[in-house]
Amino acid sequence: MINFNEDAKKHMDKYLCEVRTCLRDCPSVDADEVEQNIIEHIENEFQGQTEPVSFNQLDAVLKKLGNPTQWVPEEEIAWWRKVVLRLRTGPEDWRLAYISFGLLLLSFCLLALNHRGLEAIFIFPIVAMRQPLSFLLFLASFIISRATLTTAEKNTETLGGQKWLIYPSLILMYAPILLLLLFWHTGALIGTAESLVHWNQTYDNWMKGVGIPHNSTKYYFIWTFIIIALTGLWWSLLSLVTIKWSKLVQIAFYPFASRFNRRKGFLFLLIGIILMVIGTGFVFLYIVMQPNHHPFF
Amino acid sequence: MDNRFFDNWSTQLRKGMLELCILNAIRGTSLYGYDIVRKLRDIKGLVISEGTIYPILSRLKREGLVRTSIAESTEGPPRKYYELTGKGEKILIQMNSYWQDIKAGTDALKGEDKL
């Protein structure tokens, strides 16, 4: 009985699994018999070896045996089996990429079937959340895309055409999250501004008093710069987090943010400060320059 | 481009020749699968991946051209030996004759003075 080390054993199991997969359902071949022959062939190659067979030694023998996908004539393989074989025995990152893209398409189709076709394209993840199964498929697609990236990285391979298959689900997940992270406050502020007008008479009177009545061009102008200022403030705070934990940004938005570093974080901080200065400065100057400005200023 | 053409052609040629060579290797004797591989691997250009021999053996067995028998081995577990059936013998004679005809014709086309 030939001994194999741990790596060699796994390699052999994987090879035999491929043999079974390729020969299964071939009418002219007895898959079990061929598998047994292969095992005996391998054992004969290492006959007399006392030390456990290493991965490299076994790999040399398996290379001479060749790829099992080439053993069976193509005309004997059913068309669906060819697809399954391609998915099961093809390069791992391509298999995962196909599955990821397939799940994403399925998710789209489910949404389209529920008459949310057009919306689905523009704000996909948000709409998908209203359709649980569709969202689950989309989530699975995203996770498999990340797995594809990790597999390629582990094998030190660069993604070629697979990018077209895995990037859509990544972009559809990252883009809304990023937009939300950067601009969530905008919606909150607009809502606040409208609420203040409707619910706070003192505020409304004060705004009229300083010459900025509600619904006027000046009003929207001022609030735009308030939003800019507060955006700058939020971005400054966010940039401090990214400077401290730049690795988190790289992981969260991998691979698009893989080059994000503290320097870019500082640049982000600078942009935030500039926006804050511009926004605050403009608002302050504008209100101060109003003839009836509030005594607080 | 030239290499690809040659590769395709030689692959097709090997597919047909392997079965003939396997049957000729077994003719008149009883061989263990691994022994068949060892015999054929010495023929230059015939065997690119040794594993192809085993599905061919399985196919030949299903066609009734070869049969197997189990025999005890001093070197390890019992081994499966392959030998030609009567049907296999007849088919092999036909195949060899056919191959001789094609070879003679090809040689004639090639001629002695040409490449």
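Find the centroid of the Cα atoms in segment A:139-184 and in segment A:17-42, then give the distance between the two in whole Å. Using only Cα atoms, the two centres lie 37 Å from each other.
Among A:41, A:11, the sequence by solvent-accessible area, most first, with a 1.4 Å probe is A:11, A:41. The alpha-carbon of residue B:110 sits under 26 angstrom from the alpha-carbons of these lysines, leaving out residues fewer than 8 places away in its chain: B:15, B:44. Label reach from residue A:54 (point 7 Å along Cα→C-beta): in segment A:11-29, amide nitrogens under 18 Å belong to A:11-12. Listed by chain and number, the lysines placed with their C-alpha closer than 26 angstrom to that of residue A:218 are A:208; residues fewer than eight positions away on the same chain are left out.
Scan chain B and note any complete DSSP helix (H) whose C-alpha atoms cover at least 24 Å along its axis and whose Kyte-Doolittle average is -0.5 or more. Answer set is B:2-26. Distance from the C-alpha centroid of segment B:27-72 to that of segment A:243-268: 60 Å, rounded to the whole angstrom. Largest first, the residues A:173, A:276 sort by 1.4 Å accessible area into A:276, A:173. Inter-chain neighbour count for A:28-37: the average number of beta-carbon atoms from partner chains within 10 Å of each residue's beta-carbon is 6. Entry note, chain B: relative contact order of 25 percent, from Cα contacts under 8 Å with a spacing of 6+ residues.
Taking amide H as placed 1.01 Å from N in the peptide plane, residue B:66 has its amide H under 5 Å from the amide H of B:61, B:85, each at least 5 places away in sequence or on another chain.
The values are calculated or read from the model by the stated rules, or taken from the named source; none is laboratory data. Small disclaimer: the values here were computed from a predicted structure and weren't measured. Quick reminder, even Gly has a Cβ in these numbers, built from the backbone with ideal geometry, and neighbours come from all protein chains shown. Protein only, heavy atoms only, side chains kept; ligands, DNA and RNA dropped before computing areas. Shrake-Rupley method; radii C 1.70, N 1.55, O 1.52, S 1.80 Å.
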